[in-house]
Amino acid sequence: MSGSSSEEKNLPASARKLANERRKGHIAKAPDLQAGVVTIIMICWLAIRHHAIAAHMIMLFDAAGHSVLMDFTSARAVFSKIIYTLFLQDALAPLALSVISSILIKLITNGGFIFSLDPIIPKPETINPVSGLKNIFKKRTFIDLGMSVLKTIFFGGTLALIILSSLNGLMRVPEAGASGLPGILFMLLTPLCAAACIFYLIAGVTDLIIQRYLFMQEMRMTKTETKNEHKETQGNPLIRKQQRRAQILARRKPEHMGPRRATVMLCNHSSAIGLRYNPPDTPLPKIVCRGNGEQAEIYRRAARDSRIPLVWEAELTRDLAENFKPGMTITPAYFQPVARILQNLPT
């Protein structure tokens, strides 16, 4: 192979790569599930509120009919009250419900809140016609097209069957008159709404599974990428040797460890990591303490008493707590975020 660009991506994505992509806002998205859940909630809301909506509309038309017998001030007061009720209960309430449900289902499917400007930053490949032409023939494009065709066929076929089975009821509309029309419409719309809810739910879950599968396929790594990442996270042999030497020295000299020896205390809601960086004594940032739960609170209190800065970095603290023990020097993969924190410390 001439280079990493010609290698096949046949290895699964590492947790580090997925975390980096997540920070950039690149995750498996399932818009069909979000739209489906919102549609189902709106259908259920209409099923519960249709009597109240009908009553409000009847009140509006009755007020319009009786307004000719009222003076302007009284008519305006009546109309204002009815329109306010219609706007608040029948327009604003479903809008707020749809927005809240959309946000909640997005948080659930995304695994939490994600904020990143990377997807909207202009990039050369997004406006390159050649790249756009390649995207047309990607596997994802054909799968999305196939899903759209299948959804149209199944949903359209289901609607056609329901309408055909309800033709007898529709033929009785002239005989039933105005009093029988609501019952006939209810018999027709109930199976239609039920079929729509089931269809949207199945289509949304299926789309979520497919999108996550396609995303994991796109995130696959080559052997070279895996080796480079392993080297970045674990460090080269010289750094590992230095880490082992530092651990041995730390065990021999416990007075060089502990929260009061830290230059900065990194924290999240459950952990605390003490980092020391003091050239030439410690030319590379070193972990001098690590605590979880009550021990973390003890370390934070000791840092405050010693006027050691506390920096709340949830993800970095979690990563350091998972990958390093007290006495270990951090690997190059964490140099940049740690250096940024050290540079911003108050002098």
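The values are calculated or read from the model by the stated rules, or taken from the named source; none is laboratory data. Everything numeric in this text was worked out from a predicted model, so none of it was measured. A quick note on method: Cβ atoms are made from the backbone with ideal geometry, for glycine too, and the neighbour counts reach across all protein chains shown.
Of everything listed in (1) touching a Phe, Trp or Tyr at 6+ places or on another chain (Cβ under 7 Å); (2) under 29 Å from ILE100 (Cα atoms), the single unmet condition for ALA47 is (1).
Pairing residues of the stretch 269-296 that are in the same structural domain as ALA314 (by TED's automatic domain parsing) and on the phi > 0 side of the Ramachandran plot with residues that are of a type in the set (Ser, Thr, Tyr) and surrounded by 14 or more Cβ atoms within 10 Å (Cβ to Cβ), at Cβ distances under 8 Å and at least 6 apart in sequence or on separate chains, gives GLY293/SER270. Can you tell me which residue in the stretch 260-299 is nearest to PRO346 (Cα to Cα), limited to those that are among the hydroxyl-bearing types (Ser, Thr, Tyr) and surrounded by fewer than 22 Cβ atoms within 10 Å (Cβ to Cβ)? For the stretch 260-299, the residue satisfying everything is THR263. MET57 meets all of the listed conditions (1) under 30 Å from ALA314 (Cβ atoms); (2) hydrophobic (A, V, I, L, M, F, W, C); (3) part of a helix (DSSP H, G or I) but one, namely (1).
Has the stretch 44-54 got at least one residue that is over 27 Å from THR206 (Cα atoms), in the same structural domain as ILE120 (by TED's automatic domain parsing) and small (Gly, Ala, Ser)? Yes, that holds for at least one residue. Whenever a residue of the stretch 75-91 is in the same structural domain as ALA63 (by TED's automatic domain parsing), its partners that are not in a helix (DSSP H, G or I), lying with C-beta atoms within less than 8 angstrom and at least six residues away or across chains, give the pairs VAL78/MET70.
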